[in-house]
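Working notes for the structure below.
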Amino acid sequence: MAENTLMEKLVSLAKRRGFVFQSSEIYGGLGSVWDYGPLGVELKKNVKDRWWRAMVHARDDIEGLDAAILMHPKVWEASGHVAGFTDPLVDCKQCKNRFRSDDKRIKGTPGQPDAQCPVCGSKGTLTEPRLFNLMFKTFMGPVEEHASVVYLRPETAQGIYVNYQNVLNSSRQRVPFGIAQIGKAFRNEITPGNFIFRTREFEQMEMQFFVKPGTDEEWFEKWRAWRMEWHHSIGLTPAKLRWHAHGPGELAHYAKAAYDVEYEFPFGWQEIEGVHNRTDFDLGRHQEYSGKKMEYFDQAANERYLPYIVETSAGADRVTLTLMADAYREENVEGETRVVLGFDPGIAPIKAGVFPLVKKDGMPELADRIYHDLKPQFPVFYDDSGAIGRRYRRMDEAGTPFCITVDGETQTAQTVTVRARDSMTQERVAVDQLAAYLLPKIRAR
Ligand code: GAP
C-alpha cells in the first residue's frame, strides 16, 4: 500500500468509526487541532491508563501529580523556553506564506536573490530567517498588557520541577524517586501535520526521576529499557520500534544525553517518546530564578546536593496514532476487502460486540440481557442493524477483538457463538461462562 494512501485511509477510518474528527469541522476546521470521538477517547484513555499503571501504580518510587496548565511566567524564563524555544522562520514577501528556514522545498538560501518560494515560485522574495517562539501567549486578568502575559505550557515537565519539594515533603519518598504527570501541552508548531502526529494542542505523559549525581547514567539506561518494554506491552510491533541517539548537534539545551523511541510510520521513522538525562539543569535554573533552595538533603549520608533528572516524555496522541497505524491491515476475504484494526485486546476501545442474529424469536431480548450483564465489567457494543457480516466488519474496523452472537440455539442450549476478530473462527460458549471466557483474553498484558 502506498505510504500516503495508508495515512489517508487511517484518517478516513478514524472519522467513519468515531476515533478522531477535525476540530471545528463545520467551520472549515482549525489547523492541526483534532477532537477525539467515542472510540478515540477510549483508545487514548487506555493508553494513558496503561502508562499510569506502569509508572505510578506498579511502582513504589513514583508519585503522581496534576499541575495547572498556566504557570508563573518566570517558570518559562528559568526553563529557557522564552529565550530558546524557537524555530527559524522565513516569509515570502510576494505570497505572504511562512516556512521553516530548513523546509526542504526551499531552493537556494533564504534572504538571498537565488532563494525560491516553494508556494508561489517567486525568486528573491524570501526573507532572512528570524526566530519565532513556539509558545502560545495569553493574558491573565482583564488587562492585555506585557505585565499580564502568561503562556500555555509547551511541556508538562516544568510543573513537576516546581513541585518537586512539595511532593518530597508530603510523601514518604527519598531520592531516587520520580514524579509522573499526564496533561495537555501546547505548541504553535510551524510545520504541523501527519494527522495527530504533530498538533498544536496535545497530551504528554511525562515522568521526571530524581537521582543522586553520578548515578544518573545508570538510571538513564534502566529507564530506556523499561520504556521500550512498555511500548512492546501495549502491542506495538517490536520490529517497527528502534532507538535514535541524539548527536551533539541535536541535543536540547538541557540534556547531557537523549534517546528517542522511534516508530516506523508510513511517513518514515519518527519519534514517539524521548528519554533525556537533564542533569541538574532544571532544578539549578529554578533555584536561581526563584531564589528558593532546591537541594535535597540526604539524612543518612548527611550530604546536600541538587538531584539530577532522568526524564521520560511520551505523547499520548502520538502513541494513539502509532497504535492505529500499527494495527491497520487489509485482507482479502472471499473476494472482498476486510479492513481490520488488529489492536491488542487489552488496548482495544471496545472488547466485544453483542448481536442478535435476527430481530425476532426472542433473540434481541437475550442479546440485550447479555449486553447489560457484560457492560459493567468491560466496554461492549450492542448492534442489531444490517446483515450479520456487515456488523462483524464494522467491529473489525473498530478493532473489537470479539463478537458475541445470539442465534437459534441460544434459547434452547443457553450458548452463543464467540467470533475472534483475527482468526474469524467461532466457538460456542455457555452464556453464563461468557465473562469468565473473555476476561483473561482481554486483560492487559
Ligand atoms: N519535556 C520534554 C519534551 O517535551 P519533546 O521531545 O519536545 O520533549 C516529548 O516532546 C514528546 O511529546 C514527543 O516524543 C512527542 O511524543 C510529544 N510531542 C511533542 N510535540 C508534539 C506535538 N506538536 N504534537 C504531538 N505530540 C507532540
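Here are a few things to note about the model shown:
- Looking across the stretch 263-275, the residues that are within 13 Å of the ligand (Cβ to nearest atom) and either open to solvent by less than 20 Å² (accessible area, probe 1.4 Å) or of a type in the set (G, A, S) (or both) come down to Y263, F265, I272, E273, G274, V275.
- Any chance S12 is polar (S, T, N, Q) and in contact (Cβ under 8 Å) with a residue 12 or more places away in the chain: no
- Residue match in the stretch 366-380 (condition: open to solvent by less than 60 Å² (accessible area, probe 1.4 Å) and assigned to a strand (DSSP E or B)): yes
- Cβ-Cβ distances below 6 Å connect the following pairs, each with a first residue in the stretch 92-112 that is more than 12 Å from T191 (Cα to Cα), a second residue that is among the acidic types (D, E), and a separation of six or more residues or different chains: G108/D114; G111/E128.
- The residues listed here are D422, D361, D432; of these, the one that is open to solvent by 50 Å² or more (accessible area, probe 1.4 Å) and touching a residue at least 60 places away in the same chain (Cβ under 8 Å) is D422.
- The one condition in (1) within 16 Å of the ligand (Cβ to nearest atom); (2) touching a helix residue (DSSP H, G or I) at 6+ places or on another chain (Cβ under 8 Å) that K292 fails to fulfil: (1)
- Some residue of the stretch 154-171 being of a type outside the set (K, R), within 30 Å of M7 (Cβ to Cβ) and assigned to a helix (DSSP H, G or I): yes
- Criterion applied to R153, R174 was being exposed (fewer than 14 other Cβ atoms within 10 Å of the Cβ) and of a type in the set (K, R), and the one residue passing it is R174.
- Any hit, the stretch 128-144, residues being in a strand (DSSP E or B), more than 10 Å from the ligand (Cβ to nearest atom) and open to solvent by less than 50 Å² (accessible area, probe 1.4 Å): yes
- Selection over the stretch 298-322 of residues that are open to solvent by 10 Å² or more (accessible area, probe 1.4 Å) and more than 9 Å from the ligand (Cβ to nearest atom) gives a count of 10.
- Yes/no for R130 being touching an Asp or Glu at 6+ places or on another chain (Cβ under 8 Å) and over 28 Å from P307 (Cβ atoms): no
- Subset of the stretch 18-41 that is open to solvent by 70 Å² or more (accessible area, probe 1.4 Å) and in a helix (DSSP H, G or I) - its residue that is nearest to the ligand (Cβ to nearest atom): V41
The values are calculated or read from the model by the stated rules, or taken from the named source; none is laboratory data. These numbers were taken from a predicted model, which means no experiment stands behind them. Glycine also receives a Cβ, built like all others from the backbone with ideal geometry; neighbour counts cover every protein chain displayed. The accessibility values were calculated without ligands, DNA or RNA, using every heavy atom of the protein model including side chains. Shrake-Rupley method; radii C 1.70, N 1.55, O 1.52, S 1.80 Å.
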